[in-house]
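Here the structure is laid out as structure tokens; the discussion comes afterwards.
Rule-based calculations on the coordinates, nothing more; no lab input. As the structure is a prediction and not an experimental result, all values here were calculated from the model. Neighbour counts run over all protein chains shown; Cβ positions are idealised from the backbone, glycine included.
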Amino acid sequence: MTVTSFQPENPLIVQGDHTILAEVASPHYAAARDGLSRFAELMKAPEHVHTYRITPLSIWNACAASVTVEEIIQTLIGFSKYPAPGHVLFEIRDYASRYGRVKLLRDERGLASAPGQRRGPGRTDFPQQTRGALVAVVRRFKG
């Protein structure tokens, strides 16, 4: 789904600096707000227009809560008044791709970082059979 023109009934304006303006008076505001709350941080909430921000951490938290990058993009495109800036959508995909690249594991010796294994978009699992081998070769953290 791509917004190609002005959609006056939609509440969101996605800006190039990763902020999103949400018009409270829109008939679709409640649904847009519910979608935004899964992956964006509420920054300001004055009476008529709320401001949200998308950050690498907010996307990481969304991925940790099993929100897919496709759901994030569809929320932005589906509720946007104007086409979302392409670089913002690209960077959201980039932020989401970082989720799960490293795992922290704890054993009797402390914490260790180990590479994660990607399993589908936004999903990561660490195979049980490789934990011991990876923990032996990764950099150790005392904790």
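The table below gives the values:
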{"item": "Neighbour-count ranking [beta-carbon atoms within 10 angstrom, fewest first] of 95, 82", "result": "82, 95"}
{"item": "Part-to-part distance (alpha-carbon centres) for the stretch 7-26 and the stretch 49-122, which is given in Å", "result": "21"}
{"item": "Hz values of 3J(HN,Hα) by residue in the stretch 12-23 - Karplus curve (6.51, -1.76, 1.60), Gly and Pro given as x", "result": "9, 10, 8, 9, x, 8, 6, 9, 10, 9, 10, 7"}
